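Accompanying notes for the structure given below.
The values are calculated or read from the model by the stated rules, or taken from the named source; none is laboratory data. Since this is a predicted model, take the numbers as computed values, not measurements. Don't worry about glycine lacking a Cβ; one is built from the backbone with ideal geometry, like all the others, and counts go over all protein chains shown.
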Amino acid sequence: MRNFVDQWIYQRKLKAYRQSVQRVCDLAVGLSRFSDEDLRNQVISLREKRQAGDEQEDIKIQLFAVVKVAIKRVLEIELHDEQVLAGIVLTEGKVAEMATGEGKTVMSVLPAVWFALEGKGVHLMTVNEYLARRDYAEMGKIFNYLGLSVGLNISGLSILEKKSAYLKDITYGVCNEFGFDYLRDRLATNRAEQVQRELSVAIVDEIDCMLIDEAKTPLIIAAPTKSPSDIYYICTRIVRGLQEERDYEYDHELQQVMFTEEGIREIETSLQIDNLYDLENVSIYHYLLQSLRARVLMRRDVHYIVAQGKVNLIDTYTGRILEGRQLNDGLHQAIEAKENVSLSDENKSHATITIQKFFGLYRRVVGMTGTILTEEEEIYKIYGLQAFRIPTHRPVIRQDDEQVFLTKEAKYLSIVQEVEAANQRGQPVLIGTTSIAQSEEMAHRLRLRNLPYRLLNAKTEEGEAKIIANAGQKGSITIATNMAGRGTDIRLGEGVSELGGLYVIGSEHHESRRIDHQLRGRAGRQGDVGKSCFFISLEDEIVERFAREKAEKFKNRWSENSELGIRDKDVLQFLLNVQTMVEKQHFEVRQIVHVLDSVVHDQRTMFYQHRQQVLEGTPIFPIFERLVKAYIERFVEENYRDFEDINLNQLLGKIGLPIYEQSKPNERTVDSRKELTQEIVEYWSCLMEDSSLTFQLKEPLFQIEYLKMLDDAWVGHLEVLEHLKQGIHYRAFEQRNPLVIYNDEAWFLYQKMEMQIQNKVYRWTLERINRRIQAEDRQKVLTG
């Protein structure tokens, strides 16, 4: 019933959208007679009307008609109705699901211009720098034609260049770079170093890649700290000799490892220590666990590659190298020790934010992708976004198939035979793999049959767009990981349609159906003929990890003729169920990341608001006075329960404040902690005034000094929170919700951080007061 209702609502909304599209197209016919200057004047007029609050729908229709004409003049591209429809969907704050090859990039100009008229800046984000540069160059022509400014934000720009890019109406760039700029602005020591203005609108190309695939990995700005190299190599040698089940347990589904008691005894013998769990051995236990994780969980050519003596991480969803990324908390160094390469310095986080929370900072986030509806629930729950499927401009006539094999070997043999047959008739083939190791396995097998191919993975990503663009030429064979040229269309070469179009072969199911759909979508774009087939085995990794036992009952069905693929309905449903189960697990992981970071984000917001106020010139002395008062209140609370006969001079000595004749307060008793605290604070203020520190705190130098105190405390807090997060799943044994425990302990730690800042401020001012007094005393001695 629900599917029927959903479909009815969808069709009704689609009908309304199509009416708006028709209005745009009708108006564009008349506007096509306007001069270039007249079109630009139209944009100026519509900007004024939009900012004045006139009827928004009418303004949008007129603006889209203007942009449609501009695109035709500048790029000689006639926007089809479905592109205009998608543009309208984005202006309503939704995500548009558009099939591969439907023209998402040029469509994005429509909502970009619409949001740009607000005058607050639009960030148009792509998945890599090549696409950002390409779209900036190509789509920028349209914006410039319409009198709008456009900038490019990429890594390596100077502060002035970035500021200039962010002040433009529309700014192209890679999602992560926008996020890192936000974090760098939070680390700035003066306002001039900050490059972003308030985050307003983000239009995200391949939005599923950013909001879902990247969501498990936070953005982190870190500074290096020296690694204890010997200990990593020692721990690597120790864990190399451990055996699964006897010495450690490996949860294949959850991808976690844990030492057994037998393993602990083995380690204690190797290191000649009595108890690995002793407090003095906490660090060595941590290094050992990271070394075990590096050995068991982190696989070469799947999670990382080694190139030129360096470990480079791989995005397991896209197959791309994660440039500049490093695993934290020593895991990266443990991998380097495992691979016997030079150890890089460990990174200590100075600023971090998850993708979910970064996009939550924008007033509005919209986007487009080829596949999002399988994660519709997630993007709504976490981001509050609704997805809308855009009909294809022409019907999809691609033929989709799937075959299941008993063994990997049988599967690979069948793929090679299929590729060879297609190559003999000249039909281009694109083989999609889930890892570098698998792509190289396919390349090896094709080489043995003397079949020519192009290989595209994280090791060979130079010229990615060109390789993908040529994948539709007659006789071509392309092997690609899931990086498969996002943003680059595969156009069929001459005569290829008569051969059946592009043949897409999937060598294994990914852990997400969405990624499989993306691969299939490479064939059959814009109504082209094409074919896709997934070749699956019951020995594939997703089955081995998540459903090994359930797979056994199917293996007896075709013990004979095991080299042949089958299309058994029950087996195919089983494989679909496994994939759906894995998607659910990943969703739960991302939800946990979201929940945990919600706690951190509240703290981050409070901390950064205070830091920004200081950066923008909030007077330092009142802040210091407040923090010192809090420190003194706490000191009195912790040390003085009884107020009878308290000698203020003795108390001042205990709290570290200097006593000398000229400013010695009267010795008397006080009646309350409040009165006692007030006495000490007033005395501290007098000493500050006498030492000229009240005046000096107005200078920029002291603002920087205070910012350093804040940043040092925040860095330490982030490190403690990371350790808390890593061990939180063990807290389930306390029979309390680990997330509740994390929330409680994280806020307790935040209060501790605030107390550390109070202590630092108090000690800092005390040190300078004493310096001043000592200098005055020396001067008195010299002058007699």
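Criterion applied to Lys72, Lys141 was being modelled with pLDDT of 95 or more, touching a Ser or Thr at 6+ places or on another chain (Cβ under 8 Å) and more than 26 Å from Arg514 (Cβ to Cβ), and the one residue passing it is Lys72. Criterion first (closer than 21 Å to Val204 by Cβ and not assigned by TED's automatic domain parsing to the domain that holds Leu724) does Leu331 satisfy it? Spelling it out, it is not the case that Leu331 is closer than 21 Å to Val204 by Cβ and not assigned by TED's automatic domain parsing to the domain that holds Leu724.
Only residues that are in contact with a Lys or Arg (Cβ under 8 Å, 6 or more places away or on another chain), in a loop (DSSP other than H, G, I, E, B) and either crowded, with 21+ Cβ neighbours inside 10 Å or not assigned by TED's automatic domain parsing to the domain that holds Ala65 (or both) were counted across segment 102-120, and they come to 2.
Candidates Lys569, Lys584, Lys654: the one that is over 20 Å from the mean Cα position of the chain (by Cα), modelled with pLDDT under 90 and closer than 27 Å to Thr374 by Cβ is Lys569. Checked across segment 246-266, the condition of being at pLDDT 85 or above, within 15 Å of Glu336 (Cβ to Cβ) and surrounded by 15 or more Cβ atoms within 10 Å (Cβ to Cβ) holds for no residue.
If I ask for residues that are modelled with pLDDT under 75, assigned to a helix (DSSP H, G or I) and over 15 Å from Leu766 (Cα atoms), which ones from segment 659-690 would you list? If you could, list the steps in order and put the result at the bottom.
Taking segment 659-690 as the starting set, the residues that turn out to be modelled with pLDDT under 75 are 659-673, 690.
Cutting the leftovers down to assigned to a helix (DSSP H, G or I) gives us 661-663, 673, 690.
Answer for segment 659-690, where residues must be modelled with pLDDT under 75, assigned to a helix (DSSP H, G or I) and over 15 Å from Leu766 (Cα atoms): Glu661, Gln662, Ser663, Arg673.
Within segment 74-98, being crowded, with 21+ Cβ neighbours inside 10 Å and outside any helix (DSSP H, G or I) holds for Leu79, Val95, Ala96, Glu97, Met98. Out of Glu92, Glu82, Glu55, Glu76, one residue alone is on the phi > 0 side of the Ramachandran plot and of a type outside the set (Gly, Ala, Ser). It is Glu76.
Taken over segment 492-533, the residue count meeting the criterion of being farther than 17 Å from Val419 by Cβ, crowded, with 19+ Cβ neighbours inside 10 Å and more than 33 Å from the chain's Cα centre (by Cα) is 2. From the list Gln613, Gln591, the one residue that fits, being more than 17 Å from Ile379 (Cα to Cα) and either of a type outside the set (D, E, K, R) or in a helix (DSSP H, G or I) (or both), is Gln613. If I ask for residues that are over 14 Å from the mean Cα position of the chain (by Cα) and hydrophobic (A, V, I, L, M, F, W, C), which ones from segment 353-381 would you list? Val365, Val366, Met368, Ile372, Leu373, Ile379, listed by residue number.
Here the strands (runs of 3 or more DSSP E) wholly within segment 126-223 that include at least 2 residues being buried (at least 18 other Cβ atoms within 10 Å of the Cβ) and either in contact with a Lys or Arg (Cβ under 9 Å, 6 or more places away or on another chain) or among the aromatic types (Phe, Trp, Tyr) (or both) are 150-153, 201-205.
Output the residue which, of all residues in segment 277-306 that are among the aromatic types (Phe, Trp, Tyr) and more than 29 Å from the chain's Cα centre (by Cα), is modelled with the highest pLDDT.
Of the residues in segment 277-306, the ones among the aromatic types (Phe, Trp, Tyr) are 277, 285, 287, 304.
Keeping just the survivors that are more than 29 Å from the chain's Cα centre (by Cα) gives 277, 285.
Working: Tyr277: 69, Tyr285: 81.
Within segment 277-306, the match that is modelled with the highest pLDDT is Tyr285.
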